[in-house]
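Beneath this line is the structure, given in structure tokens, with notes to follow.
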Amino acid sequence: FRKLGLSLAKDDIVQLKEAYKWIIHPQLSEELGVPADGKSLFEVSVVFAHPETDEECHFLATACPDCFKPAKNKQSVFTRMAVIKALEKIKEEDFLKHFPCPPSSPKNLCVALEIQCNNGAVFVAGRYNKYSRNLPQTPWIIDGERKLESSVEELISEHLMAEFKAESFNFSSSGREDVDVRTLGKGRPFAIELVNPRRIHFTAEEMKGLQQTINNSSDKIQVRDLQLVTRSAIGRMKEGEEEKTKTYSALIWTDKAIQKEDIAFLDDIKELKLDQKTPLRVLHRRPLAVRCRIIHTMQSEYIDEHHFRLHLKTQAGTYIKEFVHGDFGRTKPNIGSLLNRTADILELDVESVDVDWPPTLDN
């Protein structure tokens, strides 16, 4: 090209792997009798070995030593990324000194060492209700010892794993509740990534049947709106986590006797700002910080001299238990300080998680 006085921009040069695809895809299609699609979620990976050309790139290590650094989990320093980096750095004249251009034709065929077939991950979303006060969201294991026999994650995923014939899974949700907290109302949004599933096509009716199977298997949880979603859709659940509101119902005990009029003023408090220092009970897994949270509204329901129920609408991420008992003054203000007495929480329920995802189905 240069001899002809033509210049080549970087974009004009076709990458070798692209040229390889142009050659190999039609051949695969013909051989297998099926179309080949480079962007398909079904991936066939083939590992080839070719001893004759194994050491072709080794000269780059002397030309660009800082590109090839040993790493614990790498068998060789000549990784694809390291070679690309070195090729971008090396001067053209230095490259031509070490390597013929065009390269000489290989004398031996390469050998296929292994072939793997993988399906791209499938994502299932829905909402779950938790009716047990003795069930964690995820497996509760401390120092290798299991504390409770099951979890929300396991009760849902075991059926999905079996039906999709997947290798493994990743569970995520819009927030989490404590082991002793129920989740009522329309439930909490969740998503499960099923890794390398052997089966990926399910009709809406089959998903409904799968939902029924999960619901029949345990009285501790129920799921609704179970559906297949895309990877990008899960981002909407995470976006909603911080900015949305949640409503709770808390059963509260007070040490001094109360009358209905003693708690009536709570109903008039709107947009109450809290300063919450990381609660002592989660300090082992959360950084120490003071978080500003808002209680939007409260509604009290008098029960007897020492008990009342409080319905709260709060900013997501508010620690409700600490707002009630104060956590040794780490949450200010708190119900105890507002009522000027000792208060504690006996039961807590999540009434709603206001994230409009996943889409509601006709259940």
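The values are calculated or read from the model by the stated rules, or taken from the named source; none is laboratory data. Values in this document were obtained by computation on a predicted structure and should not be read as measured data. Heads up, the Cβs are rebuilt from the backbone with ideal geometry, glycines too, and the neighbour counts pull from every protein chain shown. Note: areas computed on protein heavy atoms with side chains; ligands, DNA, RNA excluded. Shrake-Rupley method; radii C 1.70, N 1.55, O 1.52, S 1.80 Å.
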Enumeration of residues in the stretch 186-200 that are in a loop (DSSP other than H, G, I, E, B) and open to solvent by 70 Å² or more (accessible area, probe 1.4 Å): Arg198, Arg199
Only residues that are surrounded by fewer than 17 Cβ atoms within 10 Å (Cβ to Cβ) and part of a loop (DSSP other than H, G, I, E, B): list them for the stretch 201-217, please. His201, Thr203
Sort out which residues of the stretch 207-263 are of a type in the set (Gly, Ala, Ser) and within 26 Å of the chain's Cα centre (by Cα), and write them in order of number. Gly209, Ser217, Ser218, Ser232, Ala233, Gly235, Gly240
Inside the stretch 319-351, can you point out the residues that are of a type in the set (Asp, Glu) and either open to solvent by 20 Å² or more (accessible area, probe 1.4 Å) or outside the structural domain of Asp275 (by the TED database) (or both)? Asp344, Glu347, Glu351
Considering each residue of the stretch 1-53, count those that are closer than 24 Å to Val83 by Cα, open to solvent by 100 Å² or more (accessible area, probe 1.4 Å) and of a type in the set (Asp, Glu), and give that number. 1
Complete set of residues in the stretch 218-244 that are open to solvent by 20 Å² or more (accessible area, probe 1.4 Å), within 24 Å of Pro136 (Cβ to Cβ) and not in a loop (DSSP other than H, G, I, E, B): Gln222, Arg224, Ile234, Lys238, Glu241, Glu242
Lone qualifier among Glu158, Glu167, Glu153, Glu149 - being open to solvent by less than 40 Å² (accessible area, probe 1.4 Å) and among the acidic types (Asp, Glu): Glu153
Counting only residues in the stretch 283-305 that are within 17 Å of Leu338 (Cα to Cα) and touching a Phe, Trp or Tyr at 6+ places or on another chain (Cβ under 9 Å), the one most open to solvent (accessible area, probe 1.4 Å) is identified as Glu301
Among the candidates Arg133, Arg127, residue that is in a loop (DSSP other than H, G, I, E, B) and in contact with a strand residue (DSSP E or B) (Cβ under 9 Å, 6 or more places away or on another chain): Arg133
